[in-house]
Amino acid sequence: MNTFRNPPGIAAPLASYSHQAEITGPVRWLVVSGQIGMTPAGELPEDPVEQLGIALDNVTANLEAAGMRREDLVKLTFYFAGEVDVRRRRERLGEWLGGLRPCMTVMTVAALATPALRVEVEALACAEDVPAAQGTPRT
């Protein structure tokens, strides 16, 4: 269903991602709006890597609400406002991905919706289309 590749003739990915994802079969898609690093209680840490961790947790919550898993992720897009420690960012993302390598785009932008926001993460997931008669969503 979701096949990830790094075709020959293209430079290897610079981090934990794949150059392409091929989706086949009867599937359902989940498009997740940009998730920010704010907790459900409204807390927004100053540290952008902490914000990244919370934003990734929010992506996970969106996947779970749709009966999907991280393994269903096809594409992630990251927006970082200002400088973010690349080593710490990669470590945190690597922990969260746990070896998965979805397609990925990382951008540094001038600003996000408010000055306190330093991170926003969009996600695209694709899972097998399970007929409603089969009942429970996957977790």
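The values are calculated or read from the model by the stated rules, or taken from the named source; none is laboratory data. Note that the structure is a prediction, hence the values are computed from the model and not measured. Every residue, glycine among them, receives a Cβ derived from its backbone with ideal geometry; neighbour counts consider all protein chains shown.
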- Query: Is one or more of the residues making up the stretch 28-40 under 26 Å from Val109 (Cα atoms), within 11 Å of the chain's Cα centre (by Cα) and in a helix (DSSP H, G or I)?
  - Reply: no
- Message: What's the total number of residues in the stretch 77-94 that are in a helix (DSSP H, G or I) and under 21 Å from Asn2 (Cα atoms)?
- Response: 2
- Could you list, in sequence order, all residues of the stretch 94-105 that are touching a residue at least 40 places away in the same chain (Cβ under 8 Å) and in contact with a Phe, Trp or Tyr (Cβ under 8 Å, 6 or more places away or on another chain)? Arg101, Pro102, Cys103, Met104
- Task: With the condition kept exactly as written, say whether any residue in the stretch 53-76 is in a strand (DSSP E or B), of a type outside the set (A, V, I, L, M) and touching a residue at least 40 places away in the same chain (Cβ under 8 Å).
- Result: yes
- Within the stretch 4-27, restricting to residues that are part of a strand (DSSP E or B) and of a type in the set (A, V, I, L, M), the one that is surrounded by the fewest Cβ atoms within 10 Å (Cβ to Cβ) is Ile23
- Please verify whether the stretch 61-69 includes one or more residues that are among the basic types (Lys, Arg), under 16 Å from Met1 (Cβ atoms) and either modelled with pLDDT of 95 or more or over 12 Å from the mean Cα position of the chain (by Cα) (or both). yes
- Any idea which residue in the stretch 76-88 is farthest from Ser16 (Cα to Cα), counting only those that are under 13 Å from the mean Cα position of the chain (by Cα) and crowded, with 18+ Cβ neighbours inside 10 Å? Tyr79
- In the stretch 48-75, which residues are of a type in the set (D, E, K, R) and either crowded, with 21+ Cβ neighbours inside 10 Å or within 21 Å of Ser16 (Cβ to Cβ) (or both)? Glu50, Asp57, Arg69, Arg70, Glu71, Asp72, Lys75
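Residue-wise test of (1) part of a strand (DSSP E or B); (2) at pLDDT below 95; (3) surrounded by 12 or more Cβ atoms within 10 Å (Cβ to Cβ).
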site: Trp96; (1), (2), (3): no, no, yes
site: Leu100; (1), (2), (3): no, no, yes
site: Leu117; (1), (2), (3): no, no, yes
site: Glu122; (1), (2), (3): yes, no, yes
site: Cys126; (1), (2), (3): yes, no, yes
site: Thr136; (1), (2), (3): no, yes, no
